[in-house]
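The values are calculated or read from the model by the stated rules, or taken from the named source; none is laboratory data. Computed from a prediction, not measured in an experiment: that's the story for all the values here. Virtual Cβ from ideal backbone geometry, glycine too; neighbours counted across all protein chains shown. These area figures cover heavy atoms from the full protein model, side chains too; ligands, DNA and RNA do not enter into them. Shrake-Rupley method; radii C 1.70, N 1.55, O 1.52, S 1.80 Å.
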Amino acid sequence: MNNHPTTPPPYHPQQNGGHPQQFPGYGPNGPNGGYGPNTAYSAQPNQPYQSQNIQYCPDGKYRWVYEMHMMKNPVLMITVYKAFGLTFIIVWAIMALIGLFSGDGLDFIWPTTKVLLIVIAIFVPLIFIAFLIVAAINGWKYVVLFEMDDYGVLHRQMQKQLKKAKAIGWLAVIAGIVGGNRGAVSAGFVAATKEESYSDFSAVRSVKAKRGFSTIKVNEMLNHNQVYAAKEDFDFVYQFILSHCPKVKK
């Protein structure tokens with residue numbers, strides 16, 4: 001049984017007056033297994049999606065700010081440990097291959113494995129302590145600006161000094177003036193942001209929804225991105241991304 005609704009059709013620029021496709025009928029309070037109209041949404045046919053969190057800007061992009069508590073939502077810590085584990089697996093594999101080709105076999109691999117296990121035992125608590133320090137420096141918050149259109153989604157981490165209220169205020173400014181002085185707006189956001197990751201929908205190979213973490217994993221061959229959305233916006237963001245990735249099996 002398919003627990004997901006039928007995927008909305010992809011957006012075509014010549015339709016809907018050049019606006020991104022609206023997906024009426026998606027929302028946590030509706031039928032079809034939790035999908036359906038939600039009064040908090042702007043769900044009129046052929047109209048851009050709007051909510052209290054997501055704004056559709058004159059340049060044809062959806063923008064929203066997501067604030068995550070770094071200790072209440074473990075997704076960031078899990079990501080750090082996955083990267084850490086992958087690094088050690090690669091190192092172990094290289095060392096194992098060296099042992100096999102050198103003819104030492106298990107006499108080389110087992111001592112190497114023991115050393116790596118000792119290093120892992122040391123680094124696991126150190127990484128946790130480092131994560132706590134970084135979280136404390138950032139006020140226990142991870143604030144992200146997302147920009148999404150028909151071609152891709154940008155994950156842009158906000159500087160720790162930029163609180164959510166200020167970010168939302170800037171977002172409102174963008175929504176009002178991006179159609180005019182775009183250079184000034186872009187310069188302001190570049191100055192207030194750091195560390196970004198962009199996913200090109202045409203290159204995305206898998207899209208995975210992690211509702212418990214409010215996270216959508218958007219994965220290319222060598223680039224893995226994470227998109228966060230509030231509970232009331234999660235279905236729209238997930239379906240929009242899914243419907244715009246031609247290489248992802250629906």
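Of the residues making up region 212-230, just one is at pLDDT below 95 and more than 19 Å from A83 (Cα to Cα), namely G212. Scanning region 191-230 for residues that are in a loop (DSSP other than H, G, I, E, B) and in contact with a helix residue (DSSP H, G or I) (Cβ under 6 Å, 6 or more places away or on another chain) yields E220, A229. Each residue in region 62-83 was checked for being buried (at least 16 other Cβ atoms within 10 Å of the Cβ) and under 18 Å from A230 (Cα atoms), and 11 of them qualify.
Just the residues that are closer than 30 Å to I98 by Cβ and either open to solvent by 70 Å² or more (accessible area, probe 1.4 Å) or touching a strand residue (DSSP E or B) at 6+ places or on another chain (Cβ under 8 Å) (or both), please, taken from region 122-159. Passing the criteria: I122, F123, L126.
Of all residues in region 227-245, none that is without any contact (Cβ under 8 Å) to a residue 40 or more places away in the chain has its Cβ atom under 8 Å from the Cβ atom of a residue that is assigned to a helix (DSSP H, G or I), 6 or more apart or on another chain. Checking Q47, Q52 one by one, the residue that is out of contact with any Phe, Trp or Tyr (no Cβ under 8 Å at 6 or more places or on another chain), modelled with pLDDT under 90 and either buried (at least 16 other Cβ atoms within 10 Å of the Cβ) or in a loop (DSSP other than H, G, I, E, B) (or both) is Q47 and no other. In region 89-103, the residues that are part of a helix (DSSP H, G or I) reach residues that are of a type in the set (F, W, Y) with C-beta atoms within less than 8 angstrom, at least six apart or across chains, in these pairs: M95/F108; I98/F108; G99/F108; S102/F108. Looking at region 193-237, which of the residues that are open to solvent by 20 Å² or more (accessible area, probe 1.4 Å) and aromatic (F, W, Y) is nearest to the chain's Cα centre (by Cα)? Here the answer is Y198.
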